[in-house]
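One structure below.
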Amino acid sequence: MLAASPRLQEGLRGEDLNALLRRRKDIKITQATMAERLGVHLRTFRRWENGEDDPQAMLLFKWAGLLNVPLGANLPHSEDGGGGR
């Protein structure tokens, strides 16, 4: 069954969320600026950083890319062992 939107099934994990938040603050980019660069409302971005909601996978990778934060090691993995590799 297909999900309505491609969200991360287990949500944004703490390590990744902390890395994104720390990096944004380290380089002194405001939440408003990040929201604008990602094309989302400020409230939406704040909810992501507060852990109240999860971004779609595409937006998560864009967010990480804008901040140059690697995410691959901490993302949820499928239990079926499959993959496109």
Check your understanding: Label LEU42 and LYS28 with points 7 Å out from Cα along Cα→Cβ: what is the distance between them in nm?
Key -> 2.0 nm
Point to revise | Cα-centre dipole for the stretch 16-71 with unit charges at Cβ (Lys and Arg positive, Asp and Glu negative), debye to 20 | key: 240 debye
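Around GLY65, what is the net charge, scoring Lys/Arg as +1 and Asp/Glu as -1 over all other residues with Cβ under 14 Å from its Cβ?
Numbers: positive: ARG23, ARG24, ARG37, LYS62; negative: ASP16.
My count for the surroundings of GLY65 gives +3.
Any read-out appearing in this document is the output of simple, stated calculations on the displayed coordinates, not a laboratory observation. This one's a predicted model, so the numbers in the text were calculated from it and none came from an experiment. Because the Cβ atoms are built from the backbone with ideal geometry, glycine has one as well, and the counts that use them run over all protein chains shown.
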